[in-house]
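Report on the structure given below.
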Amino acid sequence: MAFFMSLNVVEYACVCGLLNPLTKLYFCRYCMKLRCGFCVCHEVDSHFCSNCLENIPSSEAKIRKNRCNTCFNCPSCQHTLSVRASTTIVPAAAPESAKPEGDSSGDGLKKENTPEPSSGKPVSRKMYYLACLNCRWSSRDVGIPDQTVATGQWPEPEYANATRFSLLLEHYQSVVLHDKQEKQELWRRKAPKQSKFPSLTERTGLTVAIIRRQMGWADSKAQVKSTPLPINKSIASENVDELPGDIFTKGLTLKNITTLEQRLSHPAKQPFTVNKLFPQHKLLSIKRSLRCRQCDHNVIKSEYNPSSIKYRIAMFAAYHVPEVRFVRCEPLLKGQDSFLTMKVINPTTNDMTITIMELPMEADEKLMIEELKLAAESSASSSLMISGLSTSLSKQATLLEDPRMVETKTNGIFRLPDSSFVVNHRDDSAEFDEVVQSQQEDPRFIIWRKANQIAIKLAVQPNKDCNPGDEIVIGFSLQYTYVNTVVEKSSTPTKGPQKQALTTRVYVKLGQLSESASS
């Protein structure tokens, strides 16, 4: 359980050279490579509220400032507020027939300030307010009036600097738009010259402008270059409010003073006392998809429905790569062999042939990095030839993570297994099946075998230059067979799934080196 207890004891090397547990890696079945969080592109699919599960379009979420209109957070403890109902007795309004048509003067006109008489019979009405079921805070504590409907528009607090904030927002939006137009103009100048027929409409010798004139349409207007909106600069002033005279003598009640977390949840006002805390709209949640940055295929794709927790595409590495778990290791002594027990699990529905090999040398690792860089450049150039735009090349160059050497160094050696071994496929019904599995001859280093799991025993020994108390780390290359079910589009497609041999690097932390028995 090293992965699930947040103890990075067993780590896998990503293509970029970073080490991560298997549960934090993804597997691209088109590139046949492991991908970490930096090797995938994060895309926002949808916005939704985690409380009311309302799906909100991206454009509307931007207008709402990524907050829900109907759900609120408690300003005291940040939990979700609930709408509570209470019964209030109010006097009933007078019927239409009971209203006088004129005043006592007989002029036939009703006076403006004359109160309407009521029937005198009280009527019970439901009123709604916001309450927190965790800290017992309610909207009545700060004087917010109750509403007649449960989904009523609760009054928003007024902030003194709201106008200044809106002006600053408009100013910086214009600055961003101006910078964006300048970058587009710069890329337009640097773009290569277009070919003879840059678009499908010009193969006939007609440009888009000529076609618009022939159809009687007006010429498209040139884009007006925006300029940043002017804004008054903030000027520092030496005139500040004086402190009250009893600030050092008046007693403070800590229950009435807001905490730092409560003040930061209201950045526009930052109240000092708790009686000025107002409920805040709940922040929206997102559903995101992950895309491989080299081949542009989806690695993770979730369902669009906010109430669904399933994935349409789930290429987690734990579903395709054999899982190595650290079981136990004998005390590590300098110059002596210790036995390490590891468990290997096959998560796929096909048998795996696993071979444990030594890590590549430094020269071999540099050669692997160069090959990865060449593959990335070739994929970027191919996308450039297909699209015919320079933007795709710049996108690939900025999104790809530069491969690097693995920083973790091993300071222990172990005896490699003398042969490969086969791990059975995963069968969910095997534990309920009464059929006894046939015994098969296994190498000596295999301790036991059960369903899709096996336990192996290896002899490890720390390096001679290690000192007592040092963390002992070993590494090995894990080669496994993977059955690829993706059929590539080619002129001569192969029949059936293909079996390929893939390799990944695994690093295991064994613990600290113990002192020798003689000392």
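The values are calculated or read from the model by the stated rules, or taken from the named source; none is laboratory data. As the structure is a prediction and not an experimental result, all values here were calculated from the model. Cβ placement follows ideal geometry from the backbone for every residue including glycine, while neighbour counts extend to all protein chains displayed. Note: accessible area is taken over every heavy atom of the protein model, side chains too, but ligands, DNA and RNA are not part of it. Shrake-Rupley method; radii C 1.70, N 1.55, O 1.52, S 1.80 Å.
Worth a mention:
- Tallying residues that are open to solvent by less than 30 Å² (accessible area, probe 1.4 Å) and out of contact with any Ser or Thr (no Cβ under 7 Å at 6 or more places or on another chain) within the stretch 272-288 yields 1.
- From the list K343, K334, the lone residue that is open to solvent by 40 Å² or more (accessible area, probe 1.4 Å), modelled with pLDDT of 90 or more and farther than 30 Å from C71 by Cβ is K343.
- Residue list for the stretch 149-185, filter: free of Cβ contacts under 8 Å to residues at least 40 places away in the same chain, in a helix (DSSP H, G or I) and among the charged types (D, E, K, R): R164, D179, K180, E182, K183, E185
- Scanning the stretch 253-271 for residues that are surrounded by fewer than 11 Cβ atoms within 10 Å (Cβ to Cβ) and within 20 Å of R140 (Cα to Cα) gives K255, N256.
- Those residues of the stretch 145-156 which are within 36 Å of the chain's Cα centre (by Cα) and either crowded, with 16+ Cβ neighbours inside 10 Å or not aliphatic (A, V, I, L, M) (or both), in sequence order: T151, G152, Q153, W154, P155, E156
- Residues in the stretch 16-67 that are basic (K, R), part of a loop (DSSP other than H, G, I, E, B) and closer than 20 Å to K287 by Cβ: 2 in all.
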